[in-house]
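This report concerns only the one structure given below.
The values are calculated or read from the model by the stated rules, or taken from the named source; none is laboratory data. Please read these numbers as outputs of a predicted model, since none were measured by experiment. No Cβ is skipped: glycine too gets one built from the backbone with ideal geometry, and neighbour counts run over all protein chains shown.
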Amino acid sequence: MIGELGCPKKILAVIDDTDTQIALKSAAELAKAHKAGLEVIACVEPPQDIAIIARLAGRDKDAIIEEMVTRARGGATENLKRVLPDQVIEPRIVVGKAYLSIIRHVGETGCDFVVKAAEPLTGISGFLHASNDQHLLRKCPCAVWLQSGTAEPVPRRVIAAVDLDNWDAAEPDTLELLNQRVVEAAARVAHAHGSEIIVLHAWDAVGEGMVWAFSDTGDARKAANDYVRETVKIREETMRRLLKTMRRRLASPNVVLRPLLVRGAVERVIEIQSNLQNADLVVMGTVARTGLSGVFIGNTAENIINSLKCPVLAVKPEGFVSPLLTP
């Protein structure tokens with residue numbers, strides 16, 4: 001998996017009935033770049049009131065579902081032939097909640113990536129992810145790439161959002177490894193020559209006000225400014241170490257890693273920078289604790305993802321256990 005600092009071996013594309021087939025195209029490009037296996041799944045999700053529909057239509061419920069499966073298989077096969085005419089791939093058709101079927105498939109096959117077209121809903125923030133997407137972001141054990149219909153199959157300008165605040169982290173080693181996974185995931189998807197990974201860290205000097213309040217040096221302003229400078233210096237040094245590690249491990253001439261430290265609340269910084277940098281994709285970690293089956297995506301990460309207008313790739317920390325795959 002991505003967290004083990006290796007190339008992806010198996011990629012799952014969630015095929016749909018759209019004309020763009022952006023998830024299939026992106027998954028195929030990713031698989032080709034890394035010589036990985038490509039699997040395709042199509043989800044048939046009957047409505048909750050299928051029994052009522054069947055009764056009023058004068059049809060058998062199971063017969064209607066079987067017809068839905070047949071239509072889904074035919075559509076998936078046609079799209080595969082259209083998008084990937086040189087490949088022979090048998091789509092897997094599953095019935096039930098889409099997120100459950102996808103996560104179970106990942107658990108059975110060990111896929112490294114799930115690539116799916118995002119299901120945007122109109123809301124106050126402009127881009128809210130639908131139920132299936134939210135469940136995948138929270139509970140899928142591998143990386144989840146939610147593409148948009150207008151995106152390019154291979155992103156070239158990617159923001160890798162990292163958290164360098166080791167001081168405040170409950171598990172600093174876990175956070176450091178998650179940062180590495182985020183940067184590597186970004187590099188794996190932005191594999192085209194000339195791609196740029198903007199390694200973004202939002203920071204703040206939370207103790208600046210306390211230095212002002214409690215300083216007895218005679219120059220509270222200078223003391224507060226010194227505090228801010230020291231804070232920035234620590235984050236810059238942590239960023240340098242991270243990039244040094246990742247450049248050595250990735251050793252890719254195609255991808256440029258560029259650090260960017262911006263002061264401000266993480267939710268606003270990532271949203272604003274994704275627009276200012278004209279990002280094709282934002283990659284971020286979703287949780288910072290491991291081994292806990294009940295820990296999903298954090299509130300901060302969820303707020304950020306729902307505020308973005310560009311595609312997102314969510315990465316879990318190594319050792320994350322999906323609650324849907326536990327015995």
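Quick notes
A quick yes/no check of all residues on (1) modelled with pLDDT under 90; (2) surrounded by fewer than 22 Cβ atoms within 10 Å (Cβ to Cβ); (3) among the hydrophobic types (A, V, I, L, M, F, W, C); (4) more than 19 Å from the chain's Cα centre (by Cα):
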| position | (1), (2), (3), (4) |
| --- | --- |
| Leu5 | yes, yes, yes, no |
| Lys10 | no, yes, no, no |
| Pro46 | no, yes, no, yes |
| Glu66 | no, yes, no, yes |
| Val69 | no, yes, yes, yes |
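- Here Arg156 meets each of (1) of a type in the set (D, E, K, R); (2) buried (at least 19 other Cβ atoms within 10 Å of the Cβ); (3) modelled with pLDDT of 90 or more with one exception, condition (2).
- Residue in the range 298-312 that is under 18 Å from Pro172 (Cα atoms) and at pLDDT 80 or above present: no
- Test: residue in the range 42-56 that is free of Cβ contacts under 8 Å to residues at least 40 places away in the same chain, assigned to a helix (DSSP H, G or I) and touching a Leu at 6+ places or on another chain (Cβ under 8 Å): no
- Of the residues in the range 98-118, none is in a loop (DSSP other than H, G, I, E, B), modelled with pLDDT under 90 and out of contact with any Leu (no Cβ under 8 Å at 6 or more places or on another chain).
- Within the range 23-82, the set of residues being β-branched (Val, Ile, Thr) and in contact with a His (Cβ under 9 Å, 6 or more places away or on another chain) comprises Ile41 only.
- Residue in the range 94-101 that is within 15 Å of Leu38 (Cβ to Cβ) and touching a residue at least 24 places away in the same chain (Cβ under 8 Å) present: no
- Number of the condition not met by Arg82 [criteria: (1) under 19 Å from the mean Cα position of the chain (by Cα); (2) surrounded by fewer than 16 Cβ atoms within 10 Å (Cβ to Cβ)]: (1)
- Filter pass, Val88 being buried (at least 16 other Cβ atoms within 10 Å of the Cβ) and of a type in the set (A, V, I, L, M): no
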